[in-house]
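**Q** If you scroll down you'll find the structure; I have some questions about it.
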Amino acid sequence: QPSHVPPSDLSSLLTFDINARDGTTKRYKSTLSTYDRYGYTAIFGDGGHFIGYAKWDMVNRCLNSTVYYEDGEVGGEPMVVRAKKDASNRKKDIIYVGSYVFNEEE
């Protein structure tokens, strides 16, 4: 089993078959995360709250980085916000990670 999937092979992972209840099979191609190399997950703290998020490299299958909220802050599930297209109608290689953050001390 390979230690990572080269970016050119990622498209093959996005096509899948679904067996319907009536016995038929349908082929779908997902567009979710088609061009995103990184995935994001919340980091749980001792109190059961999200205290930050982790950035995962989906190609090399490893942790890339972590972000922790300030003391007294808890957050929601991180979500990816795609950058707008530029004037040439091409996507920029910029993404934003959004999360609701609540300061328990204020």
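**Q** What number of residues in the stretch 51-72 are modelled with pLDDT of 90 or more, open to solvent by less than 50 Å² (accessible area, probe 1.4 Å) and more than 12 Å from G39 (Cα to Cα)?
**A** Selection size over the stretch 51-72: 2.
**Q** If I filter the stretch 24-50 down to residues being under 23 Å from I95 (Cα atoms) and at pLDDT below 70, which single residue comes out as most open to solvent (accessible area, probe 1.4 Å)?
**A** Only one residue tops the list, namely Y35.
**Q** When only residues in the stretch 73-99 that are modelled with pLDDT of 85 or more and in a strand (DSSP E or B) count, which is most open to solvent (accessible area, probe 1.4 Å)? Quick ask: steps written out before the conclusion?
**A** Taking the stretch 73-99 first, the residues modelled with pLDDT of 85 or more are 73-79, 97-99.
Still in the list and also in a strand (DSSP E or B): 73-75, 79, 97-98.
Numbers: E73: 50, V74: 24, G75: 16, M79: 89, V97: 45, G98: 18 Å².
Across the stretch 73-99, the extreme among qualifying residues is M79.
The values are calculated or read from the model by the stated rules, or taken from the named source; none is laboratory data. Every value quoted in this text rests on a predicted model; they were computed, and no experiment measured them. In case anyone asks, the SASA skips ligands and DNA or RNA and just uses the protein heavy atoms, side chains included. Shrake-Rupley method; radii C 1.70, N 1.55, O 1.52, S 1.80 Å.
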